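Enquirer: I have a structure I would like to understand better, so I am pasting it below and will then ask my questions one at a time.
The values are calculated or read from the model by the stated rules, or taken from the named source; none is laboratory data. None of the values given here were measured: they were computed from a predicted structure. Here the Cβ positions follow ideal geometry from the backbone for every residue, glycine too, while neighbour counts run over all protein chains shown.
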Amino acid sequence: MLLITGGAGFIGANFILDSIVQTGEAVVNLDKLTYAGNPRNLEALRGDTRHLLVHGDINDRALVRRLLTDHQPRAVVHFAAESHVDRSIHGPAEFVQTNVVGTFSLLEETRGWWGGLSESARRDFRFLHVSTDEVYGSLGPNDAAFCESTPYAPNSPYSASKASSDHLVRAYQHTYGLPTLTTNCSNNYGPFQFPEKLIPLIIHNALAGKPLPVYGDGTNVRDWLYVGDHCTAIREVLRKGRVGETYNVGGGSEMKNIDVVTTVCHLLDEARPRSSGSYTSLITFVEDRPGHDRRYAIDASKIHSELGWVPRQSFQMGLAKTVDWYLDHPDWVQDVVTGAYRSWVSQNYLGRSAA
Ligand code: NAD
Ligand code: DAU
């Protein structure tokens, strides 16, 4: 079985749902159920004995030890993190606590338990750390895409905390021989993404007739990957990745933010036309994110040549599916845009003057 951390969040939930369908392998899912963790994401597995949700913190070392001892996983897949850059700017402490200290706690407990396994079980075990392309910093318009040997240059408290966790994972392999793997992926989108991130935020605001906030001049570039393709990449790395290696994962879909927002608007114009005009009229340029990274791009040639992974979903198709999913699940959105969500929106957007 697999021990997953953060499996009630966006990518973790997609991974568990995909993984149980594809492999049937049982999963223990340790999740703190922060604002971003939602057991409803896993409703399709209600009553399925192959999924066990454990409400707890990766910093609770006794709990982690008990889960490892009781369930004897063949791998830990570590998604749990504070994941939103803007929140890390307003409140970095939680990012250090979960992303750095939490990863350290998980590594320490895993190392202790793993050390007591038989030689063959120790050899076959894997610790897969799910990380981000943001650790590499920001690219200029003509710079080569991030590859696995690009020097780390994190710019936000979020990316610095993820970079720290990547270094710890590396050190545990190098020093103690723990069989680790790390993936560094670009921007994901798809079902169950919390509407604080660009794409679901734009869909949610557009349907509510609210302004669509675009930071700065909207020309910052991100590489977009459909979440299902990320999940496949993680499964392939777990299956065939070389111990101690890192793998960059990307969609080969670099887009300016303004183009992403406009594309979402056009999809909504088709699917849910306004009484007059396009949703694009709601686009509002607002004050930029402090330290906003200019451009991310991924060179995914290593995972392609070593493991045969390529993204299957084009950005146009993936985005259309995503917009349809949000249109079909207004109850899910309603459920997550609680009072706490509204306070976050006020904190992040009310102080921003128009750009
Ligand atoms: P998310 O914010 O949607 O979910 C994070 C999950 O972790 C939530 O379920 C939350 O409850 C849980 N969690 C937080 N703190 C915890 C703790 N201390 N103990 C146990 N559980 C805790 O995040 P996501 O977008 O699904 O990202 C998952 C992972 O993938 C993160 O490590 C993130 O850095 C990485 N990543 C995300 C993206 C992206 O575009 N979203 C891209 C590349 C990498
Ligand atoms: O690159 C991978 C990373 O992608 C992950 O590690 C992070 O967990 C994930 O949150 C994401 O980070 P970004 O900061 O790139 O994602 P976000 O959706 O917050 O923003 C995408 C781009 O859109 C970014 O350039 C900022 C911009 N933006 C975002 C919001 C929320 C806006 O212009 N307006 C907004 O309101």
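Enquirer: Going by the conditions given, is ASP133 at pLDDT 95 or above, farther than 27 Å from VAL96 by Cβ and within 15 Å of ligand 2 (Cβ to nearest atom)?
Expert: no
Enquirer: For region 182-209: of the residues being out of contact with any strand residue (DSSP E or B) (no Cβ under 9 Å at 6 or more places or on another chain) and away from ligand 1 (no atom under 16 Å from the Cβ), which is nearest to PRO273 (Cα to Cα)?
Expert: Filtering region 182-209 for residues that are out of contact with any strand residue (DSSP E or B) (no Cβ under 9 Å at 6 or more places or on another chain) and away from ligand 1 (no atom under 16 Å from the Cβ), the one nearest to PRO273 (Cα to Cα) comes out as LEU207.
Enquirer: Right, something else. Using beta carbons and a limit of 6 Å, which pairs, at least six apart or on different chains, have the first residue in region 172-186 and surrounded by fewer than 23 Cβ atoms within 10 Å (Cβ to Cβ) and the second one of a type in the set (Gly, Ala, Ser)?
Expert: As it stands, the answer is GLN173/GLY244, since those pairs meet every condition given.
Enquirer: Note down all Cβ pairs under 6 Å where the first residue falls in region 66-90 and is closer than 30 Å to ARG289 by Cα, the second is among the charged types (D, E, K, R) and in a loop (DSSP other than H, G, I, E, B), and they're at least six residues apart or on different chains.
Expert: HIS84/GLU196
Enquirer: Which residue pairs have Cβ atoms under 7 Å apart, sit 6 or more places apart or on different chains, and have a first residue in region 217-239 that is away from ligand 1 (no atom under 15 Å from the Cβ) and a second that is assigned to a helix (DSSP H, G or I)?
Expert: Once the first residue is away from ligand 1 (no atom under 15 Å from the Cβ) and sits in region 217-239, its partners that are assigned to a helix (DSSP H, G or I) give GLY218/ASN257; GLY218/ILE258; THR219/ILE258; GLU236/LEU307.
Enquirer: Among the numbered criteria (1) away from ligand 2 (no atom under 16 Å from the Cβ); (2) out of contact with any Cys (no Cβ under 6 Å at 6 or more places or on another chain); (3) part of a helix (DSSP H, G or I), which one does LEU53 miss?
Expert: Among (1) away from ligand 2 (no atom under 16 Å from the Cβ); (2) out of contact with any Cys (no Cβ under 6 Å at 6 or more places or on another chain); (3) part of a helix (DSSP H, G or I), LEU53 violates only (3).
Enquirer: What's the total number of residues in region 83-93 that are touching a Pro at 6+ places or on another chain (Cβ under 9 Å) and part of a loop (DSSP other than H, G, I, E, B)?
Expert: Count: 2.
Enquirer: Within region 4-28, can you find the residues that are outside any loop (DSSP other than H, G, I, E, B), among the hydrophobic types (A, V, I, L, M, F, W, C) and within 8 Å of ligand 1 (Cβ to nearest atom)?
Expert: Matches in region 4-28: PHE10, ILE11, ALA13.
Enquirer: Now for a different question. On the given criteria, is LEU42 away from ligand 2 (no atom under 16 Å from the Cβ), part of a helix (DSSP H, G or I) and surrounded by 19 or more Cβ atoms within 10 Å (Cβ to Cβ)?
Expert: In short, yes.
Enquirer: A further question follows. Do we have any residue at all in region 178-185 that's within 26 Å of PRO311 (Cα to Cα) and among the hydrophobic types (A, V, I, L, M, F, W, C)?
Expert: Yes, some residue in region 178-185 is within 26 Å of PRO311 (Cα to Cα) and among the hydrophobic types (A, V, I, L, M, F, W, C).
Enquirer: Of all residues in region 251-261, how many are more than 12 Å from ligand 2 (Cβ to nearest atom) and closer than 14 Å to ILE203 by Cα?
Expert: 0
One line per residue, one yes/no per condition, for (1) surrounded by 16 or more Cβ atoms within 10 Å (Cβ to Cβ); (2) among the hydroxyl-bearing types (Ser, Thr, Tyr); (3) away from ligand 1 (no atom under 16 Å from the Cβ); (4) closer than 30 Å to LEU181 by Cβ:
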position: THR262; (1), (2), (3), (4): yes, yes, yes, no
position: LEU268; (1), (2), (3), (4): yes, no, yes, no
position: SER276; (1), (2), (3), (4): no, yes, yes, no
position: TYR296; (1), (2), (3), (4): yes, yes, no, yes
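Enquirer: Something else about it: Let me confirm something: among PRO154, PRO179, which residue is touching a Phe, Trp or Tyr at 6+ places or on another chain (Cβ under 9 Å), more than 15 Å from ligand 1 (Cβ to nearest atom) and at negative phi?
Expert: Result: PRO179 is the single residue among PRO154, PRO179 that is touching a Phe, Trp or Tyr at 6+ places or on another chain (Cβ under 9 Å), more than 15 Å from ligand 1 (Cβ to nearest atom) and at negative phi.
Enquirer: In region 323-350, which residue that is part of a loop (DSSP other than H, G, I, E, B) and touching a residue at least 12 places away in the same chain (Cβ under 8 Å) is surrounded by the fewest Cβ atoms within 10 Å (Cβ to Cβ)?
Expert: Out of the qualifying residues, it is HIS329.
Enquirer: Then there's this: Quickly run through region 102-121 and pick out the residues that are within 10 Å of ligand 1 (Cβ to nearest atom) and surrounded by fewer than 17 Cβ atoms within 10 Å (Cβ to Cβ).
Expert: none
Enquirer: Can I ask one more? Please go through region 282-322 and give me each residue that is of a type in the set (Ser, Thr, Tyr), outside any helix (DSSP H, G or I) and farther than 20 Å from ALA144 by Cβ, ordered by number.
Expert: Within region 282-322, THR284, SER314 qualify.
Enquirer: Is it the case that some residue within region 81-101 is in contact with a Leu (Cβ under 9 Å, 6 or more places away or on another chain) and either buried (at least 22 other Cβ atoms within 10 Å of the Cβ) or within 19 Å of VAL27 (Cα to Cα) (or both)?
Expert: no
Enquirer: Find the residue count for region 331-355, including only residues that are away from ligand 1 (no atom under 16 Å from the Cβ) and touching a helix residue (DSSP H, G or I) at 6+ places or on another chain (Cβ under 8 Å).
Expert: 1
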